[in-house]
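Rule-based calculations on the coordinates, nothing more; no lab input. Bear in mind the structure is a predicted one, so any value in this text is a computation, not a measurement. Cβ placement follows ideal geometry from the backbone for every residue including glycine, while neighbour counts extend to all protein chains displayed.
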Amino acid sequence: MKPPAFDYSRPESLDEASGLLAEYGPDAKVLAGGQSLLPLLSMRLIAPARLVDINRLAELAYIRSGPDAVRVGALARHTAVLRDSGAREHQPLLAEALAVIAHPTIRNRGTSVGSLVHADPAAELPAVLCLLGGSVTVASAAGQRTVPAGEFFTGPLESAVQPGELAIEAAFPALPARAGAAFVEVSRRHGDYAVCGVAVLVQLDADLRISAARAGYLSVSSTPLVVDLTEAIGGRPFDADLSAAAALARQSVDPEPDIHASADYRRQLAGVLTGRALATAARRAADEVARAAGVAA
Amino acid sequence: MSQPGQDEAAHAEVRHQIALTVNGIERRAEVPARRLLSDCLRHDLGLTGTHVGCEHGVCGACTVLVDGVPMRSCLLLAVSMDGEQITTVEGLAGPDGELSPVQQGFVECHGLQCGFCTPGFLTTITAGLAENPDPTPEQARELIGGNLCRCTGYQNIVAAVLRAAEITRQQHGDRSSQS
């Protein structure tokens, strides 16, 4: 349970980091929070020739929130994002999902962008990013590019970040007007990876009827799965029976069995959790409409 | 498991000079890049109070405070911690050996049996109470949710958290009534 030998670099600036990653290419692995990387090293599941430690790049520790999006830099720890009042105001789904990532001690070091790049199919933030239609910006010596969430997760534990590149920022779109979101998951023990989890986003029209609803699932596929539930429940009042969406969720997922849960149980959970999350999100959306009307009046 | 030092020699690994402030004292060490902070504390600095259980971030026994914030020392590279302030279980008691409120709470409430997991609990709870000095029983449970104990069944540890909070409040009360 000790990591294999590797060379180590600790750049002091983004330019220096880009230079090192360009120089070492596929031999280099980026160390941010390391809360997933260190176990992989200690269990000797990976053996990179060099680690490029970005923990000194304080310029990437930012969280910038506005009416368009919550932008999280590569060195922002989960705990910092979770506690950020601006992030909570503009996209409350983030804090709800972050609160169930492992335990506080892990969140104190782990980074949100690192969790995205790690691309674990059981992780919360990839499903949230995909549901919201966010993006990840990656930098290299050649410049920067922004990858939409839908193209970012290419397989289990695989992201679109190429050798020589560093993911520097994730953009989580803000909650739209007349919308509510919710995150629900079930795990065997508190803090464990979820057996199944779902993030949902519900938008209402002026009459408090559902105009759009979609869900992002974790732990039911090799990459985050987003399902549009509007056809099942669109046009219904926010407090109507939404069980048609749960049925659509069950049909839409095709989970794999493992030692934690059978495929059938995961499918059942996808339906039940979709129903719970939708009810919560729809109620929050209605509350938001009432709050906005109160402010206007 | 090989002893630290053996395989480095075989591969002639580069060693890095690091300086850590551990329990208020500046310490220096020369470590290969792959040295975990937990091993650096135990083997290079001789501070064996930090216990190593699972070595992959699950059990919480190795929890130390980095700048006052609890982190798993088995999930940190010593080289990456260069310049940081570390508090281990050895740094919790007063200079004259007086037990900290959390340690005193564990004694009074029988919060440990074999003691292996205890250093990780003590550091985690110390930081948790600094942030929330008056936790509910529910919050006390949440606070220790990332630490495993195979002896106590946790009931007495939860009681110890609440007792430690009480002792801390009493001490603060005593101090403010003296001033």
Given bins 5 angstrom wide, list per bin the percent of all Cα-Cα distances in the stretch B:82-123, short to long. 5, 21, 29, 22, 12, 6, 3, 1
Top mean-square fluctuation among A:GLY216, A:GLY150, A:GLY33, Gaussian network model of chain A, C-alpha springs under 10 Å? A:GLY150
If one puts a single equal scatterer on every Cα of the stretch A:7-53 and applies the Debye formula without solvent, what log₁₀ I(q)/I(0) results at q = 0.18, 0.21 Å⁻¹? -0.52, -0.68
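Taking a ≥ b ≥ c as the square roots of the eigenvalues of the Cα gyration tensor of the stretch A:35-121, is the shape rounded (a/c under 1.5), prolate (a/b larger than b/c) or oblate? Please report the intermediate quantities before stating the final value.
Details: a/c = 2.43, a/b = 1.72, b/c = 1.41.
Prolate shape, in that a/c is at least 1.5 and a/b is the bigger ratio.
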For chain B, set up a Gaussian network in which alpha carbons nearer than 10 Å are linked by springs, and say which option among B:SER73, B:SER100, B:SER38 fluctuates the most. B:SER100
Taking the Cα centre of the protein assembly as shown as origin, work out the dipole magnitude from +1 charges on Lys and Arg Cβ and -1 charges on Asp and Glu Cβ, in debye rounded to 20. 640
Give, in nm to one decimal, the length gained when the segment between A:SER85 and A:ASP287 is fully stretched (0.36 nm per residue of separation minus the Cα-Cα distance). 70.8 nm
Would you work out which of A:LEU31, A:GLY114, A:ILE259 lies farthest towards the positive end of the dipole of the protein assembly as shown? Charges go on Cβ: Lys and Arg +1, Asp and Glu -1. A:ILE259
How far apart, in nanometres, would the label points at A:SER222 and B:GLU131 be if each is projected 7 angstrom from Cα along the Cα-to-Cβ direction? 3.7
By the Kirkwood definition, with r running over pairs of different Cα atoms, the stretch A:60-110 has a hydrodynamic radius in Å of 10.8
Can you give me the C-alpha center-to-center distance between the stretch B:114-179 and the stretch A:171-228, rounded to a whole angstrom? 35
For the stretch B:55-81 and the stretch A:74-122, compute the distance between their C-alpha centroids and round to whole Å. 18
Could you tell me, in Å, what Rg and Dmax come out for the Cα atoms of chain A? 19.7, 65
Extending each Cα 7 Å along its Cβ direction at B:ARG169 and A:ASP264, get the distance between those two points in nm, one decimal. 5.2
P(r) over all Cα-Cα pairs of the stretch A:180-291, 10 Å bins from 0 to the longest distance, whole percent per bin, short to long, reads 16, 47, 26, 9, 1
Treat the stretch A:58-173 as a sphere of radius equal to its Kirkwood radius over Cα pairs and apply Stokes-Einstein at 20 °C in a medium of 1.002 mPa s; give the translational diffusion coefficient in µm²/s, rounded to a whole number. 154
Whole-Hz ³J(HN,Hα) for each residue in the stretch B:114-127, computed from phi via Karplus 6.51 cos²θ - 1.76 cosθ + 1.60 with θ = phi - 60°, x for glycine and proline: what do you get? 6, x, 5, 7, 4, x, x, 5, 4, 5, 4, 6, 4, 5
